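Here the structure is laid out as structure tokens; the discussion comes afterwards.
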Amino acid sequence: MTGLDRAWERHLETVRWFGGKGAGARIVRRDVLPAWTPPGVEPAVRSEVATLAYPDGHTEHYHLLVAHHPAGREASGTVLGTDEVDGEPMQVVDATTDPAALAAFVAATQPDFADHPVKVWSGEQSNTTLVLDDTDLYKLFRRVEPGPNLDAEVLLALGGGTVPAVHGRLTGAWPQGGTTDLGLVIERVVGAEDGWELATRTCTAGADFVEAAGDLGVALRAVHGRLADAFGAHVLPGDEVADTMGARLDAAVTAAPELAPHAETVRAAFEALRGRTLPVQRVHGDFHLGQTLHSPTGWTIIDFEGEPAKTAAERRAFDSVWRDVAGMVRSFDYVRSAHPEPSSPEAVAWADACRDAFLAGYGDGADADVLAAYVLDKAVYEVLYELRNRPDWVGIPLRAIQESNP
């Protein structure tokens, strides 16, 4: 391990898109890809793929966008350290914090936007999105696995409509002998507002969101139909789903002892799936209000990469559509926490009305036991996510789990 590796490790702990914060990850390898920028351009920009090892033995790969400024010159952005590049000492900078580096990167990889101002979109969480202009966004994938990215697969298969259209694709020669998606240029929905920001503002004001919630259910149902047409569908034994959820619960209780008093109640909800047969297909996998945009033309659903904590194989695997429905049920509960008095009758009634309207809009109601199992499985995942990323928020999913255990 080099001093530069340690600097990147410290930096990763500060960025929202790194999913391993607080888990003891260490960089064990950095694969350097060829520079995107032509020779002689300063700052030079390239991608690197960092392999991180965790104490439990598993590894993850993260895409780093790296800028190089000559040593001794003032460099904008977050400087990680120095490195020798082609025999010359260079300052190493996180390119996404460096306006000059971003401009050079876009000019080299998406020349149609070379003269457009570039800025980092503040709303992103698990990736980094660059705003190119009023019509396009440049999404840089952060946690990567060899081969095609799930978001790219889905958006290219569905071809626009209630999902963004694809206008460009960034691939890198990684691992050796292979090709991996590193980014995607997608349609920027005109007049769109982030669904989370819209809902929280509406809830805080005590304004009505029922119609919008119902329309979102309709939009999700339409996307599920298109996903089934594009990728197919089959069935899965409920016993298998219950086993998977139970194993996740066991791992979560080990990592988050706060869950232990409620583990048996949660497990009982999972056990209710046994003996059933569940239709499964490709789904969104991490559906919540932050994965939606609302515009004058309606709802657009974005970010089909699935839960960041899962492997690509797990996220690509078929699942029940109620996974996504449960994600939105949990999201409305999160919105309630933005209310000045989250436990007030008004806040609870707001969230309940939105949930009911969303479920009615989606239609073909699930068996109550099936939906309850998926809602609790999502809440367990949220407890771990919040402990690692936003400890002050962990009370939100814990509250839901506690309320399921009167």
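The values are calculated or read from the model by the stated rules, or taken from the named source; none is laboratory data. Quantities reported herein were computed from a predicted structural model and do not represent experimental measurements. All Cβ positions, glycine included, derive from the backbone under ideal geometry; neighbour counts span all protein chains shown. The accessibility values were calculated without ligands, DNA or RNA, using every heavy atom of the protein model including side chains. Shrake-Rupley method; radii C 1.70, N 1.55, O 1.52, S 1.80 Å.
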Open item on the list: List pairs: first residue in the range 287-316 and more than 17 Å from Arg201 (Cα to Cα), second residue open to solvent by 20 Å² or more (accessible area, probe 1.4 Å) and among the small types (Gly, Ala, Ser) anywhere in the structure, Cβ distance under 7 angstrom, at least six positions apart or on different chains.
Closed with: Pro296/Gly191; Thr300/Ala192; Pro308/Gly19; Pro308/Ser126; Ala309/Gly19
TODO: Enumerate the pairs (first residue in the range 35-63 and in contact (Cβ under 8 Å) with a residue 12 or more places away in the chain; second residue anywhere and surrounded by fewer than 19 Cβ atoms within 10 Å (Cβ to Cβ) and in a loop (DSSP other than H, G, I, E, B)) with beta-carbon separation below 6 Å, excluding pairs fewer than 6 apart on the same chain, so at least 6 apart or on different chains.
DONE: Tyr54/Ala23; Pro55/Gly24
Open item on the list: Here is a check on your reading of the model: is Arg390 over 25 Å from Gly232 (Cβ atoms), without any contact (Cβ under 8 Å) to a residue 40 or more places away in the chain and under 16 Å from the mean Cα position of the chain (by Cα)?
Closed with: yes
Open item on the list: I'd like to know if the range 81-97 contains one or more residues that are in contact (Cβ under 8 Å) with a residue 40 or more places away in the chain, outside any strand (DSSP E or B), open to solvent by less than 50 Å² (accessible area, probe 1.4 Å) and touching a strand residue (DSSP E or B) at 6+ places or on another chain (Cβ under 6 Å).
Closed with: yes
Task: Verdict on Thr244 being more than 23 Å from Ala272 (Cβ to Cβ) and either in a helix (DSSP H, G or I) or open to solvent by less than 60 Å² (accessible area, probe 1.4 Å) (or both) - done: no
- [ ] Filter the range 66-80 down to the residues that are closer than 23 Å to Val106 by Cβ and free of Cβ contacts under 8 Å to residues at least 24 places away in the same chain, then identify the one that is nearest to the chain's Cα centre (by Cα).
- [x] Val79
Open item on the list: Can you report the number of residues in the range 219-268 which are closer than 24 Å to Leu384 by Cα and touching a helix residue (DSSP H, G or I) at 6+ places or on another chain (Cβ under 7 Å)?
Closed with: 16
- [ ] Within the range 118-134, track down each residue that is open to solvent by 70 Å² or more (accessible area, probe 1.4 Å) and modelled with pLDDT under 90.
- [x] Trp121, Ser122, Asp134
TODO: Pick out, from the range 290-366, the helices (runs of 4 or more DSSP H) lying fully within it that include 1 or more residues that are open to solvent by 40 Å² or more (accessible area, probe 1.4 Å).
DONE: 312-316, 345-362
Task: Hits in the range 100-120 (condition: of a type outside the set (Ser, Thr, Tyr), part of a helix (DSSP H, G or I) and within 24 Å of the chain's Cα centre (by Cα)) - done: Leu102, Phe105, Val106
Task: Breaking point among (1) open to solvent by less than 60 Å² (accessible area, probe 1.4 Å); (2) farther than 27 Å from Val383 by Cβ, for Pro38 - done: (1)
Open item on the list: Of everything in the range 230-279, what is within 17 Å of Arg399 (Cα to Cα) and of a type in the set (A, V, I, L, M)? Give them in sequence order.
Closed with: Leu249, Ala252, Val253, Ala256, Leu259, Ala260, Ala263, Val266, Ala269
